[in-house]
Amino acid sequence: GYFDPDCGGKQVIVHLFEWKWTSIAEECERFLSAAGFCGVQVSPVHEHVIVTTDAMRPWWERYQPVSYKLTSRSGTEEEFIDMVQRCNAVGVRIYVDAVLNHMAGLGRSGIGTAGSSFDSDAHDFPGVPFTVADFTPRDMCPSHDGNVNNYGDPNNVRNCYLVGLTDLYGATDYVRQKQIEYLNRLLEIGVAGFRVDAAKHMWPADLEAIQGGLSKPAFFYHEVIDRNDGAVKVDEYFHLGRVTEFRYCSKIATGIRDFSQLGNLIDLGWGMCPSDKAFVFVDNHDNQRGHGGAGDVITHKDPFLYKLAISYMLAYPYGFTRVMSSYFFESTDEGPPHDGNYNTLDVTINPDGSCGNGWVCEHRWAPITRMVAFRNAVAGTELANFFLEGDNVAFSRGDKGFFAIAKSGSMDRTFQTGMPAGTYCNIIDGCASQVTVNGDGNAQIRITNADEPILAICQGCDG
Ligand code: QV4
Ligand code: CA
């Protein structure tokens, strides 16, 4: 079954992309719990291919399963279990990136990260085991070369090989059973839910059968890139959980680059899915590096705009939110920071709270961390007092919070905050500035920090 994350009212998941299990356990304890994060999306935990041919240990190895054994680039099964237990112990949940649509790509064979042999061309994965009978019969794929090449035809999208990845025949009881076993093992360890990779390429009926076999409810969000550009719509997955709303990435980028476009969000007139079905983010691990073709998004590479975009997303009452946490990279295939022999480096923490060893740790940037607390504090409230003029935007959230951005770097004007009288910290600058709300809810709002021209006040989020 599916249920919305029971995160005790917490509202934000962080994707600790390519982090080792030992580093995630430490981050739960030293940072994520106190910051009020709902949970962590981790990289795929299953055994995967080791790529040294078309690229040198690229990050995308993990999207080519060899088996459902729990030894991967991020660590051993024991380390994974330890991480889940330590994060759960401090109220931070773990969401696994489940790759169920396929196994490794054609043309690949050898040994996976848990030591299992495999041969994709022979459709032979003894580590599960899967054999040729467990892969989508080739005559069910209408494309000339067997690969997905026509997003206008649902049969092509679901029954062909996505970039040559061997496509599992999810209609069979055996494949479904092996995947139910895999997810139930993870639930038993303490995992709270799943991102379903390439869900767009899976038949909803197959997903429904898998979810129906689970030992307990879990939070599901399905990766379905729908930009009104194909036959497969996010709506087909609404009964299976939330869906990634990729149109949000493009719209928030457009709106933050040109505030006059932000007004459209008010009526959600952007043709996006309903808020209670939307799983939203500013960027993700694919589109921050030009994969998945999901448009020109704002990433950590443009810190000024990125802080505005993430803050706005976290302030605005739409969707369930995820923030990306990246590593610095040059080439699109480049894997995580490593020791020279492709052993992923620990995440080190500098005295100022930033991360070392090549990790970006956007989730630790002050505006982003503090807006997580804002989103938790205002959860369930409506937006009101929407103001948009030139490069200034502001709105209130019930009587719990008020948010403003002055993209030019300065603002000094009176707003109706909707909040009770009192003096509130601007949480963005750590209370270096305060706001006094009058008995009628009005307040003089002043923004002077050109680098982070964001103001957020809220009841119960002063940390
Ligand atoms: C190559 C050729 C193919 C050939 C194949 C034969 O390009 O034509 O048939 O070899 O094996 C890697 C390589 C790719 C290679 C493929 C299979 O980049 O060149 O094909 O492996 O060997 C990630 C990366 C892909 C990577 C894949 C598997 O983005 O580049 O492919 O992992 O390692 C669509 C989908 C959406 C998807 C998005 C990327 O609708 O679901 O494309 N997003 C998810 C994940 C994404 C992941 C996958 C799906 C696949 O977010 O990270 O792709 O699991 O929009
Ligand atoms: Ca498929």
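Just so you know, all these numbers are worked out from the coordinates, no wet-lab data involved. As the structure is a computational prediction, the values presented were derived from the model and not from experiment. For neighbour counting, all protein chains shown are included, and Cβ atoms are generated from backbone atoms with ideal geometry for every residue, glycine included.
Quote the FRET efficiency, to the nearest 0.05, computed for THR348 versus LYS301 with a Förster distance R0 of 22 Å and r equal to the Cβ-Cβ distance. Intermediate results must be reported in sequence, preceding the final value.
Working: r = 21 Å, r/R0 = 0.97.
E(calc), rounded to 0.05, equals 0.55.
Among CYS141, GLY418, TYR2, whose Cα lies farthest out toward the positive end of the dipole of the chain, if unit charges sit on the beta carbon of Lys, Arg (+1) and Asp, Glu (-1)?
Of the listed residues, the answer is GLY418.
Between VAL148 and residues 5 or more places away or on another chain, which pairs have amide H atoms under 5 Å apart, with H built 1.01 Å from N, and which residues are they?
Sorted by chain and number, the residues that satisfy this are TYR161, LEU162, VAL163, GLY164.
Count neighbours as other Cβ atoms within 10 Å of each site's Cβ, and list the GluC sites (Glu not before Pro) in segment 362-392 that are DSSP loop with at most 13 such neighbours.
Values: sites: GLU362, GLU382, GLU389; in loops: GLU382.
Answer by residue number: GLU382.
Roughly how many debye, to the nearest 20, is the charge dipole of segment 277-398 about its Cα centre, given +1 on each Lys and Arg Cβ, -1 on each Asp and Glu Cβ, and no other charges?
560
What are the aspartates and glutamates whose alpha-carbon lies under 15 Å from the alpha-carbon of LYS407, with same-chain residues fewer than 8 places away excluded?
ASP258, ASP302, GLU389, ASP391, ASP451, GLU452
For the chain, give the magnitude of the charge dipole about the Cα centre (Cβ charges: +1 Lys/Arg, -1 Asp/Glu; no others), in debye to the nearest 20.
840
I'd like to know how segment 300-357 sits against the 2.2 N^0.38 Å rule of thumb: what's its Cα Rg over that expected value?
For segment 300-357, the normalised Cα radius of gyration comes out at 1.44.
To the nearest 0.05, how large is the calculated FRET efficiency for SER410 and VAL132 if R₀ is 56 Å and r is the Cβ-Cβ distance?
The value I calculate is 0.25.
Can you give the convex hull volume per residue for the Cα atoms of the chain, as a whole number of Å³?
Output value, Cα hull per residue: 130 Å³.
Cα-based Rg (one decimal) and Dmax (whole number) for segment 1-148, in Å?
17.6, 54
If you stretched the chain out fully between ASN149 and ALA450, how much longer would it get, using 0.36 nm times the residue separation minus the C-alpha to C-alpha distance?
Result: 103.7 nm gained on full extension.
Can you work out ³J(HN,Hα) from phi for every residue in segment 99-106, in order, using Karplus 6.51 cos²θ - 1.76 cosθ + 1.60 and θ = phi - 60°, giving whole Hz and x for Gly and Pro?
Computed from phi, the couplings for segment 99-106 are 9, 10, 6, 7, 10, 5, x, 3 Hz.
Return the subset of LYS178/LYS216; LYS69/LYS233; LYS10/LYS307; LYS251/LYS277 for which the Cα-Cα distance in this structure is over 24 Å, preserving the input order.
Over 24 Å apart, Cα to Cα: LYS69/LYS233.
Ignoring trypsin sites (Lys or Arg not before Pro) that are buried or in helix or strand per DSSP, and keeping those with at most 16 other beta carbon atoms within 10 Å, what is the longest stretch of the chain between them?
Here the longest segment lacking exposed loop sites spans 1-226.
Place the peptides 38-44, 418-424 in order of packing, highest mean first, counting for every residue the other Cβ atoms within 10 Å and averaging per peptide.
Working: 38-44: 24.9, 418-424: 16.3.
Taking the mean over residues of other Cβ atoms within 10 Å, the ranking is 38-44, 418-424.
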